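This report concerns only the one structure given below.
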Amino acid sequence: MEYVAALLDMASIRVYEVATFYTMLNLEPVGRYHVQLCRTTPCWLRGSDALRDACRDELGIGLGETTEDGHFTLTEVECLGACVNAPMVQINDHFYEDLDPARMKDILRAFKAGDPSTPGPQTGRQTSAPASGPTTLTEL
Ligand code: FES
């Protein structure tokens, strides 16, 4: 961060402000799989605490921690913009949505086995359509 500040000829605090505010900037190395758990209000109301517990039970780590083998890091983040499909997590570049604790554990087991699950809604929902199915634009 000091290097970047010097390179851009700006006060160090400007770089620190950005780097410590946005969670997409990691200040320490993260695991091969970075599990970012959204805990903002919609995800919290829909069960993000239970997802945190499922991650803890399956991985043996808490928020801000990395597994001993370096494969998984669990991070708490603010809204990732998929509230309609809450609760959700981002693992590396992909969103896993409409989660429950059992599905969360299944997804983590699949990553452990080297065969990651298909991202997106985990309930069969079509993208962000109503859970009961599309109600508009049903015919082309
Ligand atoms: S609150 Fe979780 S994605 Fe918006």
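So which residues in segment 113-135 are charged (D, E, K, R) and surrounded by fewer than 16 Cβ atoms within 10 Å (Cβ to Cβ), if there are any at all? Of everything in segment 113-135, just one residue is charged (D, E, K, R) and surrounded by fewer than 16 Cβ atoms within 10 Å (Cβ to Cβ), namely D115.
Counting the residues of segment 57-99 that are away from the ligand (no atom under 16 Å from the Cβ), open to solvent by less than 50 Å² (accessible area, probe 1.4 Å) and out of contact with any His (no Cβ under 6 Å at 6 or more places or on another chain) gives 7. Has segment 18-27 got any residue that is free of Cβ contacts under 8 Å to residues at least 40 places away in the same chain, within 16 Å of the ligand (Cβ to nearest atom) and over 11 Å from the mean Cα position of the chain (by Cα)? So far as segment 18-27 goes, yes, one or more of its residues are free of Cβ contacts under 8 Å to residues at least 40 places away in the same chain, within 16 Å of the ligand (Cβ to nearest atom) and over 11 Å from the mean Cα position of the chain (by Cα). Report yes if S48 is among the hydroxyl-bearing types (S, T, Y), without any contact (Cβ under 8 Å) to a residue 40 or more places away in the chain and in contact with a strand residue (DSSP E or B) (Cβ under 8 Å, 6 or more places away or on another chain), otherwise no. Against the criterion (among the hydroxyl-bearing types (S, T, Y), without any contact (Cβ under 8 Å) to a residue 40 or more places away in the chain and in contact with a strand residue (DSSP E or B) (Cβ under 8 Å, 6 or more places away or on another chain)), S48 qualifies. Taking D53 as the residue in question, decide whether it is open to solvent by 10 Å² or more (accessible area, probe 1.4 Å), outside the structural domain of M1 (by TED's automatic domain parsing) and not in a loop (DSSP other than H, G, I, E, B). Here the answer is yes, as D53 does meet what is asked.
On inspection, D106 does not qualify as of a type in the set (D, E, K, R) and in contact with a Lys or Arg (Cβ under 7 Å, 6 or more places away or on another chain). Please work out if L45 is exposed (fewer than 14 other Cβ atoms within 10 Å of the Cβ) and at pLDDT 95 or above. Yes; evaluated as a whole, the condition is true for this residue.
The values are calculated or read from the model by the stated rules, or taken from the named source; none is laboratory data. As the structure is a prediction and not an experimental result, all values here were calculated from the model. Here Cβ is always computed from backbone atoms with ideal geometry, including for glycine, and neighbour counts include all displayed protein chains. Remember, those area values only see protein heavy atoms, side chains included, never the ligands or the DNA or RNA. Shrake-Rupley method; radii C 1.70, N 1.55, O 1.52, S 1.80 Å.
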